[in-house]
Amino acid sequence: MVGIDLAKPYLAFVKRFRAYNDLVLCDIRKPPFRKKALDIVLAMEVLEHLPKKDGIAFIGEVKKVAKERIVLTTPNGYYAQAALSGIETERHLSGWTVSELKKFGFNVKGFGFRFFRSTKISYIYHLLGNLFTPVSYLIPEFAGFLVAYLDVKG
């Protein structure tokens, strides 16, 4: 398992847990991997941190380096978030929809409930979102967050 990030503090944090075989400090828009080098690419909460144009380029790059499957997670639509703890790359720069991800060939499912998504940390929001997940799984347009997956074999 290879973890990549542009923020050194995040790589230092995960290094302590030895969860990855290797860690790479790089810009995800230009992953340093040869064609079909990775069995599965898992990009959790990445797309929204890129401008739309760069997110589209990133999807193209992961399609090149993935051998079997790509899995992406992202908020459903634009969800404002500023830089966190002085790490500018935490800022959300774009929003992604079910229809956009489907245009790239992804199957899309949802979790949480978009209308209960809040910047307030509230157990009620989380509870309601979780209760509505079966609905948003089937109708991802209602979801707070999206899981998009694409098999690239062949």
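Some notes on this structure:
- Considering only region 1-90, percent of DSSP beta bridges that pair antiparallel, nearest 5: 10 percent
- Computing Rg and the Kirkwood Rh from the Cα coordinates of region 47-154 gives a ratio, Rg/Rh, of 1.00.
- Just checking the listed ones, GLU141, GLU88, GLU48: in the Gaussian network model of the chain with Cα springs under 10 Å, the one fluctuating most is GLU88.
- Contact order for the chain, expressed relative to its length and based on alpha carbon pairs under 8 Å spaced 6+ residues apart, stands at 21 percent.
- Charge tally for ALA83 (other residues, Cβ to Cβ under 12 Å; Lys, Arg +1; Asp, Glu -1): -1.
- Qualifying lysines (Cα of each under 24 Å from Cα of LYS153; at least 8 residues distant if same chain): LYS30, LYS35, LYS36, LYS63, LYS64, LYS67, LYS102, LYS103, LYS109
- Among PHE132, PHE111, PHE13, the largest mean-square fluctuation in a Gaussian network model of the chain, built with springs joining Cα atoms closer than 10 Å, belongs to PHE13.
- The chain, helix-only ellipticity at 222 nm - DSSP H runs n ≥ 4, -39,500 (n - 2.57), divided by all residues, nearest 500: -7500 deg cm²/dmol
- FRET efficiency, PHE13 to THR97 (Cβ-Cβ, R0 30 Å, nearest 0.05): 0.45
- Two-site FRET efficiency, ALA80 against TYR123, from Cβ-Cβ distance with R₀ of 22 Å, rounded to 0.05: 0.55
- Inter-centroid distance (Cα atoms) of region 31-61 relative to region 77-151, Å: 18 Å
- GNM top mover of ARG18, ARG69, ARG114 - the chain, alpha-carbon springs below 10 Å: ARG18
- Packing, taken as the mean count of other beta carbons within 10 Å per residue, orders the peptides 26-37, 93-104 from highest to lowest as 93-104, 26-37.
- Gained length - LEU131 relative to LYS63, 0.36 nm times residue gap less alpha-carbon distance: 21.1 nm
- Relative to the 2.2 N^0.38 Å rule of thumb, region 1-108 has a C-alpha radius of gyration ratio of 1.07.
- Among PHE142, LEU6, ASN130 - extreme Cα towards positive end, dipole of the chain, charges at beta-carbon: LEU6
Where a number appears in this text, it was derived from the coordinates with a stated rule and is not lab data. Source: prediction; values computed, not measured. Quick reminder, even Gly has a Cβ in these numbers, built from the backbone with ideal geometry, and neighbours come from all protein chains shown.
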